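The values are calculated or read from the model by the stated rules, or taken from the named source; none is laboratory data. Just so it is clear, the model here is predicted, and its values are computed rather than measured. Quick reminder, even Gly has a Cβ in these numbers, built from the backbone with ideal geometry, and neighbours come from all protein chains shown.
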């Protein structure tokens, strides 16, 4: 069995406590729910289920369906968006989440945290076989950790190192301004600005970003696309079709799209490391990095991540990992529910 890496994440409560935790990962498309039993620091998964979010009126309805009348000791859910004083409104879902109101209704302690903050807490349970090294950096590196997670959108978070433990915190850095570096980037920026006005990193470094880059290459640059690719994209997830076609060398346009995606991911990841002084490491999480791992293990990543001018000596020493477990937010919600509520 793989061993826990024992990344020392800071928690408020005694880790010897025993309890049951219902953990959730709430998104506009799907909501994952899991029940964990915790005894003496060991998490045992009891059951797990995925729900189409839009098929339910509220998170409370999902909790009741999942629990079947036997509610857990505590409930904690990761939310794809800002959480302010226990409240959050999802962009693509008509739910208004309020931890205090739901706690009163269920008669159980309830907490909501940002999904990337939850991913950061999930590092406490990361196993050795759940990460892949793509840049070794300095083996003795220490300090803050940065997390960047491209999936449906782009999430970013950090963990502040106090010398003994890591303290996770959420950000909304994925919505900060996209920064073009060359003529192609400027052309892309203008293409996106005409459509959206504000152009964020999420517009290019996400699942929807892959689709956007594809349209840029085929529409603005007028590159040809084979009929088989167009048909597949009409019936399947376009981002998955494009990335898989690039991985299998099936189409040059898809390869170009993913080269742009990796370059932009490396560029923003590098900036995130500098902003957070993340000398302790960078973790690429979310749904996309594990699926395109070979595209990240090449010089395209390396030359664009370590492209910081006078900060070269800092960025070249930062270890970079891809998180292979795509349920880190769910696990982090469980850890938060167990030890931080």
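Among the residues of segment 18-30, those identified as in contact (Cβ under 8 Å) with a residue 40 or more places away in the chain and in contact with a helix residue (DSSP H, G or I) (Cβ under 9 Å, 6 or more places away or on another chain) are 19, 21, 22, 23, 24, 25, 26, 27, 28, 29. Restricting attention to segment 245-265, does a residue exist that is in contact (Cβ under 8 Å) with a residue 40 or more places away in the chain and over 18 Å from residue 289 (Cβ atoms)? Taking every residue of segment 245-265 in turn, none turns out to be in contact (Cβ under 8 Å) with a residue 40 or more places away in the chain and over 18 Å from residue 289 (Cβ atoms). Close Cβ contacts (under 7 Å, 6 or more residues apart or on different chains) running from residues in segment 55-75 that are without any contact (Cβ under 8 Å) to a residue 40 or more places away in the chain to residues that are in a helix (DSSP H, G or I) comprise 56/62. Would you check if there is a residue in segment 103-112 being under 18 Å from the mean Cα position of the chain (by Cα), buried (at least 19 other Cβ atoms within 10 Å of the Cβ) and not assigned by TED's automatic domain parsing to the domain that holds residue 206? Yes. The numbered conditions (1) more than 21 Å from residue 331 (Cβ to Cβ); (2) crowded, with 21+ Cβ neighbours inside 10 Å are all true for residue 123 except (1).
Residue-by-condition table, conditions (1) in contact with a helix residue (DSSP H, G or I) (Cβ under 6 Å, 6 or more places away or on another chain); (2) outside any loop (DSSP other than H, G, I, E, B); (3) modelled with pLDDT under 95:
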{"site": "11", "(1), (2), (3)": "yes, no, yes"}
{"site": "16", "(1), (2), (3)": "no, no, yes"}
{"site": "34", "(1), (2), (3)": "yes, yes, no"}
{"site": "61", "(1), (2), (3)": "no, yes, no"}
{"site": "70", "(1), (2), (3)": "no, no, yes"}
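Selection of segment 222-238 for residues being touching a helix residue (DSSP H, G or I) at 6+ places or on another chain (Cβ under 8 Å) and assigned to a loop (DSSP other than H, G, I, E, B) yields 223, 224, 225, 237. Note on segment 199-209: among residues that are part of a loop (DSSP other than H, G, I, E, B) and under 19 Å from residue 80 (Cβ atoms), the one that is farthest from the chain's Cα centre (by Cα) is 204. Can we say residue 213 is in contact with a strand residue (DSSP E or B) (Cβ under 7 Å, 6 or more places away or on another chain) and at pLDDT 95 or above? So residue 213 does not fit the description; no.
Just one of the listed residues (72, 82, 52) is surrounded by 12 or more Cβ atoms within 10 Å (Cβ to Cβ) and more than 20 Å from residue 170 (Cβ to Cβ), namely 72.
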